[in-house]
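Accompanying notes for the structure given below.
The values are calculated or read from the model by the stated rules, or taken from the named source; none is laboratory data. The model shown is predicted, which means the values in this text are computed figures rather than measured ones. Positions of Cβ are generated from backbone atoms using ideal geometry, with glycine treated the same way; all protein chains shown enter the neighbour counts.
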Amino acid sequence: MTAAEVASLLGLSVHTLSYWRQSGQGPRTIKAGARTLYRRADVEQWLAEVDGRGEPSPAGAADWFKKAVETADRIEAAHTSPWKLASTYALLAIAEALLTQRTQEPTRTTAITNDGELLTVADVAAITRLSAGTLRYWRHTGSGGPPSVKLGRRVMYRRGDVEKWLKEPQ
């Protein structure tokens, strides 16, 4: 993926990604000549680490597999060489086996996974019934509110931190 694609995916600017590369932050990059590229798996892994999970969500992989199968079904055998068809279906079989293996492995409980979900300021304001301004003021003064995480210019909250903060006596 290019920097522009990753920036669009993350809702950040290309300049933020550039800054992160220079300061050793953000997802891992690959240099291909003068171009800087990102592997989708590296971006997903980095996002999983940011939102508190150890590994990317298997839902993204399942969506990818579903799209790949739909695309493979549209291949016209008359217009494609037999070895390309065979390699396409072999790759799909490997992907299916890996997805099946991943879903059969014991995973963490969904409560832990949901605790790492990132929420926007608007989401937290809706959950807590506070204004975004109050959350911003508390963040600025450090005097209250749930802990937040900065992603470029965006402020995000982990669902688990918000729920923990709501359960604490005020």
Fill in the blank from the handout: Condition set under 26 Å from ALA48 (Cα atoms), assigned to a helix (DSSP H, G or I) and of a type in the set (S, T, N, Q), scope the range 87-144, selection modelled with the lowest pLDDT: answer is THR110
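Of all residues being at pLDDT below 65 and over 14 Å from LEU9 (Cβ atoms) in the range 27-56, which is surrounded by the most Cβ atoms within 10 Å (Cβ to Cβ)? Just the residue, please. Working first, answer last.
Here is the first cut: in the range 27-56, the residues at pLDDT below 65 are 51-56.
In the following step, the residues that additionally are over 14 Å from LEU9 (Cβ atoms) were identified as 51-55.
Values: ASP51: 20, GLY52: 17, ARG53: 18, GLY54: 11, GLU55: 13.
Ranking the candidates gives ASP51 first.
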Exercise for the section: Could you tell me whether TRP20 is out of contact with any Lys or Arg (no Cβ under 8 Å at 6 or more places or on another chain), of a type in the set (Phe, Trp, Tyr) and either crowded, with 17+ Cβ neighbours inside 10 Å or modelled with pLDDT of 70 or more (or both)? Expected result: yes
Fill in the blank from the handout: Restricting attention to the range 7-17, the residues that are surrounded by fewer than 17 Cβ atoms within 10 Å (Cβ to Cβ), in contact (Cβ under 8 Å) with a residue 60 or more places away in the chain and under 12 Å from the mean Cα position of the chain (by Cα) number exactly 1
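Please find, within the range 149-170, the residue that is modelled with the highest pLDDT out of those that are part of a loop (DSSP other than H, G, I, E, B) and either among the hydrophobic types (A, V, I, L, M, F, W, C) or farther than 23 Å from GLY24 by Cα (or both).
We begin by selecting, within the range 149-170, every residue part of a loop (DSSP other than H, G, I, E, B); these are 152-153, 168-170.
Then keep just the ones that are either among the hydrophobic types (A, V, I, L, M, F, W, C) or farther than 23 Å from GLY24 by Cα (or both); that gives 168-170.
On the way: GLU168: 81, PRO169: 72, GLN170: 63.
Here the residue is GLU168.
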